Amino acid sequence: MSKFHCVCGNLIRISGLIPNPDEWKIISDIDFDHFEGLVDAENVYASSTSMFRCRNCGCLWVYWDGFDNPPQLYTPSCPSLARAAQRSYLDKIERRAGSADPLLTL
Ligand SMILES: [Zn+2]
């Protein structure tokens with residue numbers, strides 16, 4: 001499965017663009033603690049779990065058991081609040097797009 005529909009109907013692609021703008025990587029503190037000093041980013045990447053965030057409703061789809069198994073859905077407690085927060089976040093990024101690191105000062 002290279003794409004699926006979120007509960008809101010938005011299409012989420014899990015393959016295609018690299019890096020994927022909808023994909024987030026998460027890693028437990030315990031797994032991260034196995035790394036020390038200078039690390040190979042590929043090793044950290046391989047130890048992480050893939051999560052996809054719906055741009056429309058803010059739902060999170062986490063592939064806890066890899067891509068061969070269905071993702072776990074996490075929904076915002078208040079979808080309208082999540083959308084407002086997302087719009088605010090994206091507005092800040094757009095306003096700061098001209099700076100050296102637009103995400104640094106969010
Ligand atoms: Zn959605």
Along segment 37-42, Karplus-curve 3J(HN,Hα) (6.51, -1.76, 1.60; θ = phi - 60°) to the nearest Hz, with x for Gly and Pro, reads x, 6, 10, 7, 4, 5
Each residue of segment 9-17 in order: what ³J(HN,Hα) in whole Hz does its phi give by Karplus 6.51 cos²θ - 1.76 cosθ + 1.60, θ = phi - 60°, with x for Gly and Pro? x, 5, 7, 10, 9, 9, 9, x, 4
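Taken together, the values in this text are just the output of simple stated rules run on the coordinates, not laboratory data. Everything quoted here is computed from the prediction, not taken from an experiment.
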